[in-house]
Amino acid sequence: MTTTFSVNSRTYTTPGVPVVVICIDGSEPEYHLEAIKAGRMPWLAGVLESGRGTSWEAHCAMPALTNPNNVSIATGRPPAVHGISGNYILDTDTGDEVLMNDKLFLRAPTLFAAANEAGLDVVVVTAKDKLRRLLGAGLVEDGPALDGSGEFVAPSRRGICLSAEKADEATIEENGIDEVLALVGKPRPSVYSADLSVFALAAGVEILRTRGADLMYLSLSDYIQHKHAPGTEAANDLYAQIDHYAAQLDALGAVVVLTADHGMSAKTGPDGTANVLFVEDEVRAILGSTAAEPGSDGLRVILPITDPYTVHHGALGSFASVYLPDGANLDTTIEALRALDGVQAAYGRAEAASTFSLPPDRIGDIVVLGEAGTAVGRYAAWHDLTGLADAPLRSHGALGELQIPFLVNRALPQPEQLDEPWGRPAYIHNYDAFWAATTLVTGQTLATTSPS
């Protein structure tokens, strides 16, 4: 039986079978292409070769980071609507640099909450607990009201929302499920391991098999992708596991979507050392600042990739927000930044917000995008790079990591090409995943163009 619900100016009609969206964190398309070539993803290869599946070029939301894109998938809308502009922001009211891990930062309800209120059984399993706290709003705890009023209300019914990171702590009251380790048959995984993603996948399969679900979201970790390039043994091992569990979900009758929150790029020079542009130092030089201590001159640079899990990337991404001190010339600074090697683009706040659908009050006076092969940092002493000793730096955040996979185990009509002048031509955003897996699958829309 189909069910229709609406949220954030989009309508979803379920296909009468389970819908499962898997977000493979940090997955540029070359990962699954290389794994297929190596014979490590036989299920996906069969789905695509048989013609019963779909593969489209796709783009993520900007910035190409975990929190903004997972919340975009969860709301069906870009950051300008839901308000999550990064993992980390400057609170301009207090002057504090804070993590955006709390539901209080959400400006829109999730489609999980809306589906739950419509009577559907919803399951969300995240690798890391930081996302569980964002995506569980309105599903297993209070969240933004479904009418978009911004008030916090308790859900009328309970879904399931847990993280692999804290699966051993899951309770009915907080997560909608308990005894998760026994259900999955695996120990709690290390947060810095491929096992974290494998656990999330296995949990999704076991929940669907034993309890059932109408809508399910499985969000993985990018630990492997930060350390290992496409086609390497470790990468192929992970993608073989993704294929194994996706095949089981398919066998249980689910519509399965494989997409990603962002891609991943090597950020190294020819000798394998990190290729980093320290933006705060560069802006200080542009402004002619002689301040003895960083920040004492009023200049602030925020790296929105920063989160509690920086061992594998040292808080080095490719997207930076620059907050200028009073009296600084905005246009002159932007032009000087654009002239630097390693900078792909620099925008003022208004232009960045309109270009990339970002909330203007949660980005800096200037947004700096690094080239695909360049990481952007603050200043050298601010970063702990000891965790990069075992592998060259790979990271994400900007247009070099825009391209992502979009794979469905159903043959679907291709949407019109996105009107975006960057990256390879694409036909869909990752945040259209649930729309494609519900409304497009059921044929309830007369237009095949994504409404995003």
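The values are calculated or read from the model by the stated rules, or taken from the named source; none is laboratory data. Because the structure is a prediction, the values reported are computed rather than measured. Please note: Cβ atoms are built from the backbone with ideal geometry, for glycine as well, and neighbour counts cover all protein chains shown. Accessible surface is based on the protein model in full, side chains and every heavy atom, while ligands, DNA and RNA are left aside. Shrake-Rupley method; radii C 1.70, N 1.55, O 1.52, S 1.80 Å.
Odds and ends about this structure:
- Meets criteria (at pLDDT 95 or above and either buried (at least 16 other Cβ atoms within 10 Å of the Cβ) or part of a strand (DSSP E or B) (or both)) for Ala437: yes
- Of all residues in the range 35-57 being aliphatic (A, V, I, L, M) and not in a helix (DSSP H, G or I), the one that is surrounded by the fewest Cβ atoms within 10 Å (Cβ to Cβ): Ala38
- Among the residues making up the range 96-119, those that are of a type outside the set (Gly, Ala, Ser), assigned to a loop (DSSP other than H, G, I, E, B) and either open to solvent by 10 Å² or more (accessible area, probe 1.4 Å) or under 27 Å from Leu299 (Cα atoms) (or both) are Met100, Asn101, Asp102, Leu106, Arg107.
- Of the residues in the range 87-95, at least one is under 21 Å from Thr306 (Cβ atoms), hydroxyl-bearing (Ser, Thr, Tyr) and either in a strand (DSSP E or B) or in contact with an Asp or Glu (Cβ under 7 Å, 6 or more places away or on another chain) (or both).
- Comparison of Asp168, Asp178 shows that the only residue that is open to solvent by 40 Å² or more (accessible area, probe 1.4 Å), without any contact (Cβ under 8 Å) to a residue 40 or more places away in the chain and in a loop (DSSP other than H, G, I, E, B) is Asp178.
- Out of Asp326, Asp281, Asp297, Asp307, one residue alone is at pLDDT below 95 and touching a Gly at 6+ places or on another chain (Cβ under 7 Å). It is Asp326.
- Among the residues of the range 212-233, those that are in contact (Cβ under 8 Å) with a residue 24 or more places away in the chain, part of a loop (DSSP other than H, G, I, E, B) and out of contact with any Asp or Glu (no Cβ under 7 Å at 6 or more places or on another chain) comprise His228, Ala229.
Residue-by-condition table, conditions (1) in contact with a helix residue (DSSP H, G or I) (Cβ under 9 Å, 6 or more places away or on another chain); (2) open to solvent by less than 60 Å² (accessible area, probe 1.4 Å); (3) of a type in the set (Ser, Thr, Tyr); (4) in a helix (DSSP H, G or I):
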position: Ser6; (1), (2), (3), (4): yes, no, yes, no
position: Tyr12; (1), (2), (3), (4): yes, yes, yes, no
position: Gly16; (1), (2), (3), (4): yes, yes, no, no
position: Leu33; (1), (2), (3), (4): no, no, no, yes
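- Qualifying residue in the range 148-165 (condition: over 24 Å from His32 (Cα atoms) and assigned to a helix (DSSP H, G or I)): no
- Residue within the range 371-386 that is assigned to a loop (DSSP other than H, G, I, E, B), at pLDDT 95 or above, within 22 Å of Pro294 (Cβ to Cβ) and touching a helix residue (DSSP H, G or I) at 6+ places or on another chain (Cβ under 8 Å) present: no
- Ile84 being β-branched (Val, Ile, Thr), within 23 Å of Arg158 (Cβ to Cβ) and either out of contact with any Asp or Glu (no Cβ under 8 Å at 6 or more places or on another chain) or in a helix (DSSP H, G or I) (or both): no
- The set of residues in the range 387-418 that are over 21 Å from the mean Cα position of the chain (by Cα) and among the acidic types (Asp, Glu) comprises Asp390, Glu416.
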